[in-house]
Amino acid sequence: MALYLEHFGLKEPPFRITPHTDFFFSGADRGATLEALIYAVLHDEGIVKVSGEVGSGKTMLCRVLMERLPSHVDTIYLATPSLARDEILEAIGDELGLALSGKRTAVALRELQEHLIGRYGEGRRVVILIDEAHAMPGETLEEVRLLSNLESNRHKLLQIVLFGQPELDVTLAQPGLRPLRDRVTHAFRMRPLSRPEAARYLSFRMRAAGYRGPEVFTPRAAALLESASGGLTRRINILADKALLSAFTESGHAVTRSHVRAAVQDSEFAAVQPRRRARTLAVGATALAAGLALGLAAQWMWMTKPRPAVAAADSVPSAPQLAAMVAPEPDPAQSTPRAPPYLNAQQAGRLERYSPAGHRLLAERIAAARAVLERAPDDGYSIELFTTDKSDPARMERFLVRARDFVQLGELFIIPMEDRGLFRLRVVYGEFPTRDQAAAAEKRLPPRYQEAFPTELRSFSELRSQI
C-alpha cells in the first residue's frame, strides 16, 4: 500500500504498473483504437495488428478489449509467444475444450474448423488475442496465417489480434511472411503521449484513484515527466509514483519539478535509450502537436491500413541529457500571449495542396473549414467526428452525400492534414464559443453518429496546430 494514499485523499494507488482496467486512459487515440478493435472483431475483419514500444499500454488495451467485448464473443488470450507451431493449436484446443494434442496439423485444423462452425451456428464468435507477438517464431506465425483461413461459406470463424513491439512490423516485412502480412486488415500503433496528453493522463489516473481537488502535478512537473519518460505510460507511472512519494515526504500537496527531478534521478531507466515517437513541430511554435487521432468512423474502420512511418524519430534522452533536464533552473518568464488566431501562410498553403479533384461538396467543406479556422478564436471549440488516412476525394464525397441525411452540411468542416506529401482528412462539426457549448451539442448529435463516431472536443488552437 502506497504511503501517500491518505495524504492525497486517494482510495488506491494511482500509478501501478500492472494493468488495471479501471484506469484505462481513452485519450491519445486509445479509446478510438479500442472502438476500432471491437468493430473489427464483431465484423469478421480477419487479422488485426497493434504495435507499440515497451510500456506504451498494449497489454492494458488488450485487457480492456477482453472486458468490453459482448458476451457472445469467446476470447482466447495467449501470453506465451514462444509456442511452437503445434503448441499453439494445442493451446487453442485446450481453451475450447478440444483434445488436439498429438494430432497431425491437417487433422487438428479440420476438427477445430468443425468446432468453430458449430459455435458460429449458435451465434458465438471466437477471437484469439496474442500478446508479445513480436517474439513468436516464424513457423508459429505461419500457423497463425492458417488459422486465419478457417471460415464457413461466408464468414471468418476466427478473429485474430496481434499485440507486439515494433519488431513485429520488421518480422512481418520478411518476404516469407508476405501471405500473413497481406491478411492484416487493420494496423494500429500505440504512440507515446504528447506533453498535453501526459498532463491529462496524470490528472485522469489521480481522479480514477479517488482524488478530488486541484491538479496535483504542476504544469512544469508534468512537462518534465513527459520528457523524461518519452511519453511511455509505464515510465510515467513509475516516475509519478516516486514523485508523489517525494512530495509526501515533504508534506507537500503539489508535485513540483523538483519532486520529478528526484524521481528521475532515482530511476534505473534514465540511461536507457529506446526508440521514441517522432515529434511534429507545430507551425510557428515549439510545442508538440497533439498526435494522430484515429477517430475511426464505422464506414471507415474496415478500410484502415498501416500508416507510413513518420519522418524522423528522436530518441529518449540519454543520461547526460536527462541530467540537464533535471538540473535546477529558474522559472521561465511568463510567455507572451499568442498572436491573433489566424492561419499563417504555411498552414493555409497546406490546406490548398490537397485537391478535391472536382468533387463539389468536398471542395465547399474544405473552403468552409479554412474560413472557420481563420476566424475562430483559440479557445473556441468544434466536435471531431473522425480522422481518416483514406483521403481519396471520391470516398469523402460519398460520405458527405450520406451526411446530408443526418446533419446540416453547413456545419461539417473537412480539414486536410499533410505529412510528407500524404494526407489525412479530419472531419469536425460545428463552431462553438466554449467547450461546454460544444459538449452540449455533442449530446445532440444524431444517435447514429453518437454510436458510430468516437467523437472528441477539439479547440481551434489544437486544430490549427495539427494541419
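The values are calculated or read from the model by the stated rules, or taken from the named source; none is laboratory data. Everything numeric in this text was worked out from a predicted model, so none of it was measured. Glycine gets a Cβ as well: all are built from the backbone with ideal geometry, and neighbour counts include every protein chain shown. With ligands, DNA and RNA removed, areas are computed over all heavy atoms of the protein, side chains included. Shrake-Rupley method; radii C 1.70, N 1.55, O 1.52, S 1.80 Å.
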task = Kindly check whether there is at least one residue in the range 441-452 that is touching a residue at least 24 places away in the same chain (Cβ under 8 Å), open to solvent by 40 Å² or more (accessible area, probe 1.4 Å) and assigned to a strand (DSSP E or B).
result = no
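Residue-by-condition table, conditions (1) open to solvent by 10 Å² or more (accessible area, probe 1.4 Å); (2) more than 24 Å from residue 7 (Cβ to Cβ); (3) without any contact (Cβ under 8 Å) to a residue 12 or more places away in the chain:
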| residue | (1), (2), (3) |
| --- | --- |
| 147 | no, yes, no |
| 175 | yes, yes, yes |
| 200 | yes, no, no |
| 227 | yes, yes, no |
Enumeration of residues in the range 1-41 that are under 23 Å from residue 66 (Cβ atoms), open to solvent by 60 Å² or more (accessible area, probe 1.4 Å) and in contact with a Leu (Cβ under 8 Å, 6 or more places away or on another chain) = 26, 35
task = Scan the range 350-362 residue by residue and report those that are outside any loop (DSSP other than H, G, I, E, B) and either closer than 28 Å to residue 435 by Cα or open to solvent by less than 20 Å² (accessible area, probe 1.4 Å) (or both).
result = 350, 351, 361, 362
message = Quick test of your reading of the structure: residue 189 fulfils all but one of (1) at pLDDT below 95; (2) assigned to a helix (DSSP H, G or I); (3) under 18 Å from residue 59 (Cβ atoms); (4) not polar (S, T, N, Q). Name the failing condition by number.
response = (2)
key: Extreme residue, most open to solvent (accessible area, probe 1.4 Å), among residues of the range 380-400 that are acidic (Asp, Glu) and under 25 Å from the mean Cα position of the chain (by Cα)   = 392
ask   = In the range 132-152, which residues are assigned to a loop (DSSP other than H, G, I, E, B) and of a type in the set (Lys, Arg)?
value = none
request  = State whether the residues of the range 29-49 include one that is in contact with a Gly (Cβ under 6 Å, 6 or more places away or on another chain), within 25 Å of residue 457 (Cα to Cα) and in contact (Cβ under 8 Å) with a residue 40 or more places away in the chain.
outcome  = yes
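State which residue is farthest from residue 29 (Cα to Cα) when the search covers only the range 221-261 and only residues that are in a helix (DSSP H, G or I) and β-branched (Val, Ile, Thr). Quick ask: steps written out before the conclusion?
Here is the first cut: in the range 221-261, the ones in a helix (DSSP H, G or I) are 221-229, 233-249, 257-261.
Those left that are additionally β-branched (Val, Ile, Thr): 233, 236, 238, 249, 260.
Details: 233: 13, 236: 17, 238: 22, 249: 35, 260: 26 Å.
Result: 249.
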ask   = Counting only residues that are open to solvent by less than 20 Å² (accessible area, probe 1.4 Å) and touching a residue at least 40 places away in the same chain (Cβ under 8 Å), which one in the range 401-414 is farthest from residue 385 (Cα to Cα)?
value = 407
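Checking the condition assigned to a helix (DSSP H, G or I), at pLDDT 50 or above, out of contact with any helix residue (DSSP H, G or I) (no Cβ under 9 Å at 6 or more places or on another chain) and open to solvent by 20 Å² or more (accessible area, probe 1.4 Å), which residue from 371, 324 passes? Don't jump to the end; show me each part of the working.
Working: 324 fails: at pLDDT 50 or above.
Answer to the selection: 371.
Looking at 457, 463 in this structure, which one is in contact (Cβ under 8 Å) with a residue 60 or more places away in the chain and part of a helix (DSSP H, G or I)? Steps first, please.
Numbers: 457 fails: part of a helix (DSSP H, G or I).
Being in contact (Cβ under 8 Å) with a residue 60 or more places away in the chain and part of a helix (DSSP H, G or I) holds for just one of 457, 463, which is 463.
Pick from the range 149-173 the residues that are among the hydrophobic types (A, V, I, L, M, F, W, C) and open to solvent by 30 Å² or more (accessible area, probe 1.4 Å): which of them is nearest to residue 81 (Cα to Cα)?
170
Go through the residues of the range 207-218 one by one and say whether even a single one is among the hydroxyl-bearing types (Ser, Thr, Tyr), farther than 26 Å from residue 390 by Cα and in a helix (DSSP H, G or I).
Of all residues in the range 207-218, those among the hydroxyl-bearing types (Ser, Thr, Tyr) come to 211, 218.
Subsequent filtering for residues that are farther than 26 Å from residue 390 by Cα retains 211, 218.
Of the ones still in play, those that are also in a helix (DSSP H, G or I) are none.
No; the residues of the range 207-218 include none that is among the hydroxyl-bearing types (Ser, Thr, Tyr), farther than 26 Å from residue 390 by Cα and in a helix (DSSP H, G or I).
Quick check on the range 420-428. Is at least one of its residues surrounded by fewer than 19 Cβ atoms within 10 Å (Cβ to Cβ), at positive phi and not charged (D, E, K, R)? Give the steps one after another, and end with the answer.
Of all residues in the range 420-428, those surrounded by fewer than 19 Cβ atoms within 10 Å (Cβ to Cβ) come to 420-423.
Within this subset, residues satisfying the condition of being at positive phi are 420-421.
So of that shortlist, the ones also not charged (D, E, K, R) come out as 421.
The answer is yes; a qualifying residue exists.
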inquiry  = Any residue at all in the range 120-131 that's closer than 19 Å to residue 161 by Cα, at pLDDT below 90 and either among the hydrophobic types (A, V, I, L, M, F, W, C) or part of a helix (DSSP H, G or I) (or both)?
reply    = yes
note = Within the range 1-50, the residues that are part of a helix (DSSP H, G or I), at pLDDT 90 or above and more than 18 Å from the chain's Cα centre (by Cα) are 5, 6, 7, 8
remark   = Of the listed residues (377, 416), the one being at pLDDT 85 or above, assigned to a loop (DSSP other than H, G, I, E, B) and over 19 Å from residue 442 (Cα atoms) is 377
